[in-house]
Amino acid sequence: MPRRLFMRSCAVSCVVADYSALDKLLHRLALGSQSIAEMVHDIERARFLKSSPQARDGKHVYVSGLARAGTTILMHEIYATGSFASLTYADMPFVLAPNLWAGLARSKSVTARTERAHGDGIEVDSNSPEALEEVFWRIFCGEDYVTPTGLLPHSPSAQVIDDYVDFIRLVLRRYGKSRYLAKNNNAILRIGTLAKVLPNSVFLIPIRTPLQHAQSLLSQHRRFLNSEPFTKNYMTWLAHHEFGATQRPFLVSVGPADDPLTLDYWLKQWILVYTKLTADVANNANAYLVPHEDLTLNPAVWPAICAKIGIAPGSLSEARTQDFRAVDAHDQSLAARAQKLYQTHCAAALAKLGA
């Protein structure tokens, strides 16, 4: 495998508009063709599944929620402990065949750390973990939850779940670990099923001050709204519909009818999603809301998280206090409603974490 292709394939957060025609073809084949994705995954299973560790009873960790809630930072802090396997940029674009691709892309070079395309100061390289596992769900049951108007909650079939557990096993083999870490915002669509079939897994759901969270989502939506065609395809292949040109809301209830270019739209989405997630947390002993701001402001929160997921609480390396930014015009009563929910949720979250 040419070294240049390996280096380019790791850079989900880099400027995909800079990809060469060959780079784009490789990604289109690996991610855009369902038949090729399934064929390559079948080869991966045939070659590596028998030598992969078991996964169903593992104490895996899922970080999920609305985008821009601090999910990436929390995932990075957990991954930095060295206790977990997770898909990384180096597994792109053949994320359904991590062991096979690792053998083909023989270069061990690590790309230089660069700021990801969000412009939020988070830097990544080829060894950085990223939200890539949704490719599995889109390929094998995307028609069950991806609709033209949004993403639906769904209960995957027993066969798909079995295949997903095998997929976790393959990732564990690839990285020589026994525990799996996934940052996947779309996991909120199937959190009930995952909690049942992976009973020892822990679900961490960051929650952020609603006005600041909604403003961040609106800013990113504007940032990615005029993406060029390949970028649109790319985000669709990854089933990343959080914002931008391919944005589709979580249809967890009656969806927002407002314009996505208004702050009220994102405030309403915040209320709908975190109302659902609060119920999910209440119904699952291993699910925890994580107040994003408290991760850096409350010294008891990180050790409490580490205790819940069974790791030693080392020092935080990426979590940082964020400045509050000016927000767009919005419905004050809507913001007050969201803030009241936030305060109630945070109090319950800290109590459940024991922080």
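The values are calculated or read from the model by the stated rules, or taken from the named source; none is laboratory data. These numbers were taken from a predicted model, which means no experiment stands behind them. We place every Cβ from the backbone using ideal geometry, glycine too, and count neighbours over all the protein chains shown.
In table form, for the structure just shown:
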item: Failed item, numbered, when Thr246 is tested on (1) in contact with an Asp or Glu (Cβ under 7 Å, 6 or more places away or on another chain); (2) within 20 Å of Glu130 (Cα to Cα); (3) without any contact (Cβ under 8 Å) to a residue 40 or more places away in the chain; result: (1)
item: Members of region 212-265 that are within 14 Å of Asn186 (Cβ to Cβ), of a type in the set (A, V, I, L, M) and buried (at least 19 other Cβ atoms within 10 Å of the Cβ); result: Met235, Leu238, Ala239, Val252
item: Qualifying residue in region 321-328 (condition: in a loop (DSSP other than H, G, I, E, B), of a type in the set (Val, Ile, Thr) and either touching a Cys at 6+ places or on another chain (Cβ under 6 Å) or closer than 13 Å to Pro210 by Cα (or both)); result: yes
item: Gly150 within 21 Å of Leu217 (Cα to Cα), in contact with a His (Cβ under 9 Å, 6 or more places away or on another chain) and either modelled with pLDDT under 95 or of a type in the set (Ser, Thr, Tyr) (or both); result: yes
item: Hey, Pro313 over 20 Å from the mean Cα position of the chain (by Cα), more than 19 Å from Ala67 (Cβ to Cβ) and assigned to a helix (DSSP H, G or I) or not; result: no
item: Ala46 being in a helix (DSSP H, G or I), touching a Phe, Trp or Tyr at 6+ places or on another chain (Cβ under 7 Å), over 26 Å from Ile309 (Cα atoms) and of a type in the set (A, V, I, L, M, F, W, C); result: no
item: Residue in region 325-341 that is under 16 Å from Leu204 (Cα atoms) and free of Cβ contacts under 8 Å to residues at least 24 places away in the same chain present; result: no
item: Region 80-99 - residue that is outside any loop (DSSP other than H, G, I, E, B) and at pLDDT 95 or above and, of those, farthest from the chain's Cα centre (by Cα); result: Asn99
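Every residue, every condition in (1) in contact with a strand residue (DSSP E or B) (Cβ under 9 Å, 6 or more places away or on another chain); (2) closer than 17 Å to Gly150 by Cβ, yes or no:
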{"site": "Val202", "(1), (2)": "yes, no"}
{"site": "Pro206", "(1), (2)": "yes, no"}
{"site": "Leu211", "(1), (2)": "no, no"}
{"site": "Phe230", "(1), (2)": "no, no"}
{"site": "Tyr234", "(1), (2)": "no, no"}
{"site": "Phe250", "(1), (2)": "yes, yes"}
{"site": "Tyr265", "(1), (2)": "no, yes"}
{"site": "Lys268", "(1), (2)": "no, yes"}
{"site": "Tyr288", "(1), (2)": "yes, no"}
